[in-house]
């Protein structure tokens, strides 16, 4: 596989360059398959048509397809060339390609994919699909669901056609023999026993800690987060206002949406009068989202990791589909740092997209603010010399905006504050010595369990265990409070270990040397067995000074219509009887 690049400017020079490529491919190009990818930042359809006409005239055997773009990537870098052509020469006779183009609207996308699937089923040589599509204002859910039904061995990757003006919805795709479509999709099917591809994606955006739940959404319209208008999140936390700069301001802070273990970025495009947000792609109700921010160090670290994987694949060509939002984030002076080093592995080119596509574990996913990389080669890797992708120079940025450092500071501070709040919240409901729940919390849990289950848990049972260390005053008086505390701590650890295996159990310190265990899904027989185990383990424990100690235990089960106070009173009576009848024993009182 070979790849040649051409920039279209002067028609005469363009034809001369095509003739050179034609000669390098072999006379008449019959010895190989030639495919041109055309990426045009020039929105003039007549200019695009002229390029296609020259290709048809000069290399009639060659296939071509392309789209309009936000900007183009050539030799791994942002280029100011408005129209670039990538000529890929497949040199193996076993490699096959096929171009398919369809009108692309929400109402017909299923039919498009069904036709594509049928072709793939009829042609098992297909193992990779590259796609270009116009996706402005479209819900991609049904399309992605249908694409996920393709044969499991087929990789899919590609990008959304765009416009150099990010506020302009006009875009288009085109291919040989099919013309230009403002609402269209093009598939390049590639395969054969000697064709190999490896696709991956890089984000690098870091989610902030604060989580929100999508409580109302319809396709790409995000109505509510945590029951509040979605715009409120951007206004409250980032002071972003409803004005002409809304889109450019939110580009740096997209939303991370959790989707089956994969974090997918989504950008707000606009805010509606009802404070709902128009997102770049579909949003899923009940999904968890977080505000995210771009972190250059994380991005570069991800590129190091995935870059070496691409290098180890030994590609002959690398295709890039990078979101235009990434270009806006980095700025034109720094954006090429994401892609330029891939040129050291293989010819690297592509374009800045309106959405990126990649199939992961069989699922077709539509990303935003993401870099999709596709490595391709013909033949085996063989014994080629290993490429060391990493270069320390890639860590150096010409300029690191202060906002990136400031956001990193805020994130670290937020994490510390969140940890502190969690500790404070835990401290308010736990006993300082035993780390079990304190009396207030265990009593609240007993009342909540009775109230929420109507005195009946999932299996119809709520049981209580109450225990008290026998002769504990003697331990303190004889061996000191330090040894007394040690006895209490050991008993607490035993409670944790024994009740951990019982569903939904809660253990708390009732006061002094008294403890209470709530078992909201255990009957009295299960509770008695647990109590006997606690008693036996504690009796067998040998303390350094206090020797062996014992515990008395009462057990009961709630009855229908009984109050929490009545339940606690009965288990206290059971404990009293255990003490009265000799201690170191378990007494049950049935309801």
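Coordinate-derived values only; no laboratory data. Keep in mind the model is a prediction, meaning the values are calculated, not measured. Quick reminder, even Gly has a Cβ in these numbers, built from the backbone with ideal geometry, and neighbours come from all protein chains shown.
I'm checking a number: the convex hull volume of the Cα atoms of the chain, normalised per residue, in Å³. What is it?
Values: hull volume 129.8 nm³, N = 591.
Per residue, the Cα convex hull of the chain comes to 220 Å³.
For the chain, the longest principal axis of the C-alpha atoms and the axis of helix 45-58 are separated by about 60°.
In this simple spin-label approximation, residue 381 and residue 565 carry label points 7 Å from Cα along the Cα→Cβ vector, and these lie 7.4 nm apart.
Could you work out how much longer the chain between residue 259 and residue 504 gets when fully extended? Use 0.36 nm per residue separation minus the Cα distance between them, nm to one decimal. List each step's numbers first, then the result.
Working: separation 245, 0.36 × 245 = 88.20 nm, distance 2.85 nm.
Length gained, residue 259 through residue 504: 85.4 nm.
For the range 206-294, the relative contact order works out to 42 percent when only alpha carbon pairs closer than 8 Å and six or more residues apart are counted. Which FRET efficiency value, to the nearest 0.05, is calculated for residue 361 and residue 545 with the Förster distance at 60 angstrom and r the Cβ-Cβ distance? After rounding to 0.05, the efficiency reads 0.50.
Subtracting the Cα-Cα distance from 0.36 nm times the residue separation, let me have the gained length for residue 284 to residue 182 in nm, one decimal.
Values: separation 102, 0.36 × 102 = 36.72 nm, distance 2.74 nm.
Taking residue 284 through residue 182 to full extension adds about 34.0 nm, to one decimal.
A Förster radius of 56 Å, combined with the Cβ-Cβ distance separating residue 77 from residue 428, puts the computed FRET efficiency at roughly 0.50. Under the criterion of Cα pairs below 8 Å and six or more residues apart, the relative contact order for the chain equals 12 percent.
Hydrodynamic estimate: the Kirkwood radius of the range 1-115 over Cα pairs, inserted into Stokes-Einstein at 10 °C and 1.306 mPa s, corresponds to D of 103 µm²/s. Going from the residue with the fewest nearby Cβ atoms within 10 Å to the one with the most, 387, 202 rank 387, 202. Dimensions of the range 206-294 from C-alpha coordinates, computed as largest minus smallest value along each principal axis and given longest first, are 35, 27, 20 Å. With the convex hull of its Cα atoms as the shape, the range 154-216 has an orientation-averaged projected area of 8.7 nm². Put a dot 7 Å past the Cα of residue 218, heading toward its Cβ, do the same for residue 54, and the two dots end up 4.8 nm apart.
How far, in nm, would the chain grow between residue 115 and residue 151 when pulled straight, counting 0.36 nm per residue and subtracting the alpha carbon separation?
Working: separation 36, 0.36 × 36 = 12.96 nm, distance 1.33 nm.
Here the answer is 11.6 nm.
Angle of helix 481-499 to the longest C-alpha principal axis of the chain, folded into 0 to 90 degrees and rounded to 10: 60°.
Between the Cα long axis of helix 564-580 and the first principal axis of the chain there is an angle of about 50°, rounded to the nearest 10. Neighbour counting of Cβ atoms within 10 Å sorts the residues 110, 219, 482, fewest neighbours leading, into 482, 110, 219. In the chain, helices alone account for a calculated mean residue ellipticity at 222 nm of -10500 deg cm²/dmol, with every DSSP H run of four or more residues adding -39,500 (n - 2.57).
Just to be sure I understand: of the beta bridges DSSP finds with both ends in the range 432-589, what percent are antiparallel, rounded to 5?
Numbers: 19 of 24 bridges.
Approximately 80 percent, going by the DSSP bridge assignments.
Cβ crowding within 10 Å, taken as a proxy for footprinting-reagent exposure, orders 120, 323, 32 from fewest neighbours to most as 32, 120, 323.
Give the calculated FRET efficiency between residue 298 and residue 581 to the nearest 0.05, with a Förster radius of 56 Å applied to their Cβ-Cβ distance. List each step's numbers first, then the result.
On the way: r = 66 Å, r/R0 = 1.18.
The pair residue 298/residue 581 has a calculated efficiency of 0.25.
Each peptide in 366-376, 564-574 gets a packing score, the mean of other Cβ atoms within 10 Å over its residues, and the list from highest to lowest is 366-376, 564-574.
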